[in-house]
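Below is one structure; the comments refer to it alone.
Coordinate-derived values only; no laboratory data. Nothing here was measured: the structure is a model prediction, and the numbers come from that model. Here the Cβ is made from the backbone with ideal geometry for all residues, glycine too, and neighbour counts use every protein chain on show.
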Amino acid sequence: MTPDANENTIFYRFSFDDGSVAEHAIPLTPGTPAHTSADWLRIGFQQCPHCPLQPDEAPDCPFAVALEKPVRFLSNLTSYSELDVEVNFRGRKIQQHTTLQRAAGSLLGAIGATCGCPHTRFLKAMAWFHLPFSSSDETLYRVLGTYLLGQHLRVKHGLDADWTLDGLRDAYHNLRKVNLGMAKRLRTAAEEDSSLNGLVLLDLLAADTLNCLEQYDGELDRYFDSFLK
């Protein structure tokens, strides 16, 4: 796979110690996915209890369909395996030697934000500025910045804005339910623990972000010293 110069696709390349390579492209403007017969991809299989989609309008879970290929190449690998990861996006290359669990978490985060799940769509704007392997502080900064900018743009378009962040808190509560639902699906599809643990890592990050949103203890204050004087 040769990354091109467009800004519509995130390219991940996994290089393992045995010399094998796995690649995955994440389109930010995906087309309509082909219907599949795999049971674990069906919308009614371990469907999230708060999912608004109905089988007659969406026979397959969009998040699960987007995960089908990654799960295929991750399913027989263990999460503690070390590897080299290269991410190409917007003409920028990011490389890191890390564990498969952390690499999978970064990949699954980008996939979740772009897959079309109704409860992950609020993350789509962040995907356009994807930051692989982000820390909890970086994630909180990006989440808050993206959401507040989104509210500013809503005002510019004559729409109501949520400056209290109540909508963001609700979105993160729903996101954690999605992570739980996807973990149940992946348990049936993955032979080892890499993809599942990648999702668990994502949920821990989501839980940390939600905790900061509900009870902010100054996690980002040190970065805003010039604003607080």
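For the chain, what are the DSSP H helices with axial Cα length of 15 Å or more and mean Kyte-Doolittle hydropathy of at least 0.0?
Working: long enough: 62-74 (19 Å, 0.78); 100-114 (21 Å, 0.83); 136-156 (30 Å, -0.23); 166-189 (35 Å, -0.80); 194-214 (30 Å, 0.98).
In the chain, the long hydrophobic H runs are 62-74, 100-114, 194-214.
Can you list the lysines whose alpha carbon is less than 28 Å from that of Lys93, not counting same-chain residues fewer than 8 positions off?
Partners found: Lys69, Lys124.
Note down the net charge around His173, summing +1 for each Lys or Arg and -1 for each Asp or Glu among other residues with Cβ under 13 Å from its Cβ. Before the final figure, lay out each step's value.
Numbers: positive: Arg169, Arg176, Lys177; negative: Asp166, Asp170, Asp203, Glu214.
Local net charge: -1.
If I take R0 = 30 Å and measure r between the Cβ atoms of Leu153 and Gln54 in this structure, what FRET efficiency does the formula 1/(1 + (r/R0)^6) give, to the nearest 0.05?
Approximately 0.45, to the nearest 0.05.
Count charges around Ser15 for me, please; just the other residues with Cβ under 9 Å from its Cβ, Lys/Arg as +1, Asp/Glu as -1. Write down the numbers at each step before the final one.
Working: positive: Arg13; negative: Asp17, Asp84, Glu86.
Every neighbour counted, the sum reads -2.
In the chain, how does Rg compare with the Kirkwood Rh, expressed as the Rg/Rh ratio over alpha carbon atoms? Display every interim value, and only then the final one.
Working: Rg = 18.0 Å, Rh = 18.6 Å.
Checking Rg against Rh, the ratio lands at 0.97.
Among Ser20, Leu153, Leu220, which residue has its Cα positioned farthest towards the positive end of the charge dipole of the range 9-228, with +1 placed on the Cβ of Lys and Arg, -1 on the Cβ of Asp and Glu, and the dipole taken about the Cα centre?
Leu153
Kindly provide the helix-only [θ] at 222 nm of the chain, computed as the sum of -39,500 (n - 2.57) over DSSP H runs of four or more divided by all residues, to the nearest 500 deg cm²/dmol? Walk me through the numbers before you get to the answer.
Values: 7 runs with 102 residues, N = 229.
The helix contribution divided over the chain gives -14500 deg cm²/dmol.
Tell me, what is the percent relative contact order of the range 9-228, built from C-alpha pairs under 8 Å that lie six or more residues apart?
Details: 292 pairs, mean separation 54.6, N = 220.
25 percent.
Enumerate the aspartates and glutamates that Lys184 could reach by cross-link, defined here as Cα to Cα under 16 Å, with residues fewer than 8 away along the same chain left out.
The reachable aspartates and glutamates, counting only those whose Cα sits under 16 Å from Lys184, are Asp39, Asp60, Glu68, Glu192, Asp193, Asp203.
State the cysteines of the chain left without a partner when partners are defined as other cysteines whose beta carbon lies under 4.7 Å away.
Lacking a cysteine Cβ partner under 4.7 Å: Cys61, Cys115, Cys117, Cys212.
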